[in-house]
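The values are calculated or read from the model by the stated rules, or taken from the named source; none is laboratory data. Please read these numbers as outputs of a predicted model, since none were measured by experiment. We place every Cβ from the backbone using ideal geometry, glycine too, and count neighbours over all the protein chains shown.
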Amino acid sequence: MKPESKIYVAGHLGLVGSSIMRSLKKKGYINLLTRTHAELDLLNQDAVSSFFAMEKPDYVFLAAAKVGGIGANSTYPVKFLFQNTLIGFNVINAAYTVGVKKLMNLGSTCIYPKMASQPIKENSLLTGLLEPTNEAYALAKISVIKLCTAYNKQYDTNFLSVMPTNLYGIGDNYDIENSHVLPAMIRKFHEAKLSGINKVILWGDGSPLREFLYSDDLADAVVYPMEHNNAQDLRNGAGDFINIGSGQEVTIKELAEIIRAIVYENEFKNCIQSPDMVCRITWDVSKPNGTPRKLCDISRLLSLGFTPSMTLNEGIKKSYMDFLKTNY
């Protein structure tokens with residue numbers, strides 16, 4: 001990519017898309033193309049085709065998606081399967097039609113089997129049953145990955161895909177019902193602090209292991225292969241894609257304790273009470289845990305020359321400050 005290349009970022013207002021925009025601007029790209037949902041409905045194939053025919057972008061980052069946590073995925077499987085499949089298929093087909101030079105498709109590590117060997121390698125795709133609570137979203141993302149690979153095979157396109165682990169960061173969704181686990185916890189602990197209830201109820205038993213990646217680290221990791229690699233460099237036994245993650249994992253219980261300590265930092269400093277006396281964590285074991293463990297193997301990402309830099313503690317502090325800035 002050159003500084004003047006026309007680059008379309010689909011989903012530029014979301015957590016991932018906004019991070020990609022920051023990374024591109026930081027690197028000196030000046031011809032960035034965006035559209036809000038009101039301006040362009042990516043579910044409308046004719047509208048997407050017309051947009052691509054008119055603008056003819058050189059490069060595309062496909063970061064638009066219907067996203068949410070376990071609760072949202074379980075409640076609205078039709079939306080997650082239907083909308084994510086349509087968005088991906090419409091954008092990819094239009095990109096091929098106008099001759100886009102390179103496309104980057106953002107997937108998710110939820111595409112892997114629930115009981116995949118850990119850490120999860122790219123060739124684990126389609127080797128077992130999916131986690132039921134996010135099956136619809138995973139199936140949509142798998143279809144989009146496979147479509148990119150099919151276009152590369154049949155039409156010699158240069159469509160890349162990356163599978164990010166659990167993401168968080170600036171501009172995250174903090175809605176209790178529809179957000180992912182980390183931002184949902186930030187909001188729950190903060191609202192408990194404001195209300196003085198001093199108790200937070202969390203789903204499951206806290207035992208699942210999860211990997212988290214700061215969104216700006218993801219953005220840099222996504223822009224990097226668009227600058228340096230082609231689809232064939234990402235090729236593996238399952239398609240033209242690689243994992244992106246931090247390579248570190250924590251239990252959900254440990255995550256909750258980290259967030260509690262950050263939200264209640266002043267309270268902990270100013271008293272000698274135990275953390276549970278400041279804010280007690282209660283686990284609702286009637287709710288699902290989700291996949292027991294989900295750590296992705298990022299050896300192929302590291303071999304390309306990219307290394308994540310943000311620590312989990314520092315990333316959560318930045319996210320909490322952003323939450324306070326945008327919500328209070």
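Structure notes:
- Residue in segment 316-324 that is modelled with pLDDT under 90, under 30 Å from L160 (Cβ atoms) and crowded, with 19+ Cβ neighbours inside 10 Å present: no
- Of the residues A184, A140, A116, the single one that is under 30 Å from K6 (Cα atoms) and among the small types (G, A, S) is A140.
- Members of segment 1-40 found to be hydroxyl-bearing (S, T, Y), free of Cβ contacts under 8 Å to residues at least 40 places away in the same chain and touching a Lys or Arg at 6+ places or on another chain (Cβ under 9 Å), listed by number: Y29
Here's the yes/no breakdown for (1) hydroxyl-bearing (S, T, Y); (2) more than 20 Å from L13 (Cβ to Cβ); (3) within 22 Å of the chain's Cα centre (by Cα):
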| position | (1), (2), (3) |
| --- | --- |
| C148 | no, yes, yes |
| D156 | no, yes, no |
| S161 | yes, yes, yes |
| L167 | no, no, yes |
| R210 | no, yes, yes |
| D220 | no, no, yes |
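- Qualifying residue in segment 40-50 (condition: at pLDDT 95 or above, surrounded by 21 or more Cβ atoms within 10 Å (Cβ to Cβ) and out of contact with any strand residue (DSSP E or B) (no Cβ under 7 Å at 6 or more places or on another chain)): yes
- Residues that are in a helix (DSSP H, G or I) and of a type in the set (F, W, Y) were ranked within segment 30-82; the one that is nearest to the chain's Cα centre (by Cα) is F80.
- In segment 22-42, the residues that are touching a helix residue (DSSP H, G or I) at 6+ places or on another chain (Cβ under 8 Å) and over 17 Å from V100 (Cβ atoms): R22, S23, K27, D41
- Being polar (S, T, N, Q), touching a Gly at 6+ places or on another chain (Cβ under 7 Å) and at pLDDT below 95 holds for only one residue in N166, N178, and it is N178.
Here is a yes/no grid of residues against (1) closer than 25 Å to Q248 by Cα; (2) in contact with a helix residue (DSSP H, G or I) (Cβ under 8 Å, 6 or more places away or on another chain):
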site: E267; (1), (2): no, yes
site: V278; (1), (2): no, yes
site: S286; (1), (2): no, no
site: K294; (1), (2): yes, yes
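- Every listed requirement among (1) surrounded by fewer than 18 Cβ atoms within 10 Å (Cβ to Cβ); (2) within 26 Å of F82 (Cα to Cα); (3) among the polar types (S, T, N, Q) is met by S161 save one, (1).
- Selection from segment 301-315 of residues that are modelled with pLDDT of 90 or more, buried (at least 17 other Cβ atoms within 10 Å of the Cβ) and among the hydrophobic types (A, V, I, L, M, F, W, C): L301, M310, L312
- Test: residue in segment 100-118 that is among the basic types (K, R), at pLDDT 95 or above and within 24 Å of S19 (Cβ to Cβ): yes
- Qualifying residue in segment 103-117 (condition: of a type outside the set (A, V, I, L, M, F, W, C), surrounded by fewer than 17 Cβ atoms within 10 Å (Cβ to Cβ) and in contact (Cβ under 8 Å) with a residue 12 or more places away in the chain): no
- Test: residue in segment 50-62 that is without any contact (Cβ under 8 Å) to a residue 60 or more places away in the chain, over 17 Å from A221 (Cβ atoms), in contact with an Asp or Glu (Cβ under 8 Å, 6 or more places away or on another chain) and aromatic (F, W, Y): no
- Residues being without any contact (Cβ under 8 Å) to a residue 60 or more places away in the chain and within 14 Å of N313 (Cβ to Cβ) - total across segment 250-267: 6
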